[in-house]
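The values are calculated or read from the model by the stated rules, or taken from the named source; none is laboratory data. The shown structure was predicted, so the numbers you read here are calculated from the model rather than taken from an experiment. Don't worry about glycine lacking a Cβ; one is built from the backbone with ideal geometry, like all the others, and counts go over all protein chains shown.
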Amino acid sequence: MSPEPEPQAFRISMVCTGNICRSPMAEVVMRDLVDRANLSDQVVVTSAGTGEWHVGEHADPRTVRSLEARGFDGSAHRARQFDASWFDSLDLVVALDRTHERVLRSWARNEEDRQKIRLLLSFDPDYAGRSDVPDPYYSDDAMFDTVLGMIEHSCRALFRQLEPAFRPTSLPL
């Protein structure tokens with residue numbers, strides 16, 4: 001199912017492996033930033049996975065608990081797999097680690113598609129030199145909280161870079 005946002009909206013997709021841990025966290029956090037700034041009519045955030053193992057499933061319960069503990073709601077999430085045809089309707093494809101980035105680049109049909117792919121941590125100067133948000137799937141609840149902290153920090157950095165483009169500018173008369 002392809003994302004169906006408003007035609008003028010800036011469209012972002014967060015991508016991890018199975019779309020049940022990292023990318024749902026990033027989607028929920030980024031959407032919250034967009035909503036709080038009253039920009040939901042201008043910015044649409046979705047997520048997907050590179051694999052199909054969890055398609056249709058809820059986010060991992062540890063993901064939902066970590067989000068909930070920080071005031072976010074991830075309960076409505078359903079996993080889906082990224083489809084290369086989505087590049088046409090997306091403006092930014094955010095990979096959570098280099099593996100996802102490589103897969104997405106291999107699916108890109110042209111240079112325009114490839115230019116849309118970025119690593120989440122690349123937007124955050126505090127994570128300079130790091131490229132991967134660790135996968136908490138085989139870890140404990142504490143790792144989910146740590147990963148969510150990284151994602152929140154980096155989503156805020158990304159949002160700070162995007163937000164000025166969506167704010168009206170006042171021109172002197």
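So which residues in the range 58-83 are of a type in the set (Asp, Glu) and without any contact (Cβ under 8 Å) to a residue 60 or more places away in the chain?
Glu68, Asp73
From the set of residues in the range 136-153 that are touching a Leu at 6+ places or on another chain (Cβ under 8 Å) and touching a residue at least 40 places away in the same chain (Cβ under 8 Å), which is farthest from Arg62 (Cα to Cα)?
So, considering only residues that are touching a Leu at 6+ places or on another chain (Cβ under 8 Å) and touching a residue at least 40 places away in the same chain (Cβ under 8 Å), the one farthest from Arg62 (Cα to Cα) is Ile151.
Which members of the range 80-99 meet the condition of being assigned to a loop (DSSP other than H, G, I, E, B) and out of contact with any strand residue (DSSP E or B) (no Cβ under 6 Å at 6 or more places or on another chain)?
Listed by number, the residues that qualify are Asp83, Asp97.
Could you grab me the full set of residues in the range 114-160 that are modelled with pLDDT of 95 or more, in contact with an Asp or Glu (Cβ under 9 Å, 6 or more places away or on another chain), under 27 Å from Glu68 (Cα atoms) and part of a loop (DSSP other than H, G, I, E, B)?
Once the filter is applied, which keeps residues that are modelled with pLDDT of 95 or more, in contact with an Asp or Glu (Cβ under 9 Å, 6 or more places away or on another chain), under 27 Å from Glu68 (Cα atoms) and part of a loop (DSSP other than H, G, I, E, B), the range 114-160 yields Asp132, Val133, Pro134, Asp135, Pro136, Tyr137.
Output the residues belonging to the range 5-22 that are touching a residue at least 24 places away in the same chain (Cβ under 8 Å), assigned to a loop (DSSP other than H, G, I, E, B) and over 23 Å from Tyr137 (Cβ atoms).
Pro5, Glu6, Gln8, Ala9
Please tell me if Arg102 is surrounded by fewer than 16 Cβ atoms within 10 Å (Cβ to Cβ), within 24 Å of Asn19 (Cα to Cα) and of a type outside the set (Phe, Trp, Tyr).
For Arg102, the condition - surrounded by fewer than 16 Cβ atoms within 10 Å (Cβ to Cβ), within 24 Å of Asn19 (Cα to Cα) and of a type outside the set (Phe, Trp, Tyr) - is met.
Please go through (1) surrounded by 15 or more Cβ atoms within 10 Å (Cβ to Cβ); (2) closer than 28 Å to Gln8 by Cα for Val64 and return the number of the only condition it doesn't satisfy.
Evaluating Val64 over (1) surrounded by 15 or more Cβ atoms within 10 Å (Cβ to Cβ); (2) closer than 28 Å to Gln8 by Cα leaves (2) as the failure.
Quick check: anything in the range 23-44 assigned to a strand (DSSP E or B), surrounded by fewer than 22 Cβ atoms within 10 Å (Cβ to Cβ) and not aliphatic (A, V, I, L, M)?
No, the range 23-44 contains no residue that is assigned to a strand (DSSP E or B), surrounded by fewer than 22 Cβ atoms within 10 Å (Cβ to Cβ) and not aliphatic (A, V, I, L, M).
Condition check: within 22 Å of Phe72 (Cβ to Cβ), part of a helix (DSSP H, G or I) and at pLDDT below 95. Does Glu163 satisfy that?
Yes: the conditions hold for Glu163.
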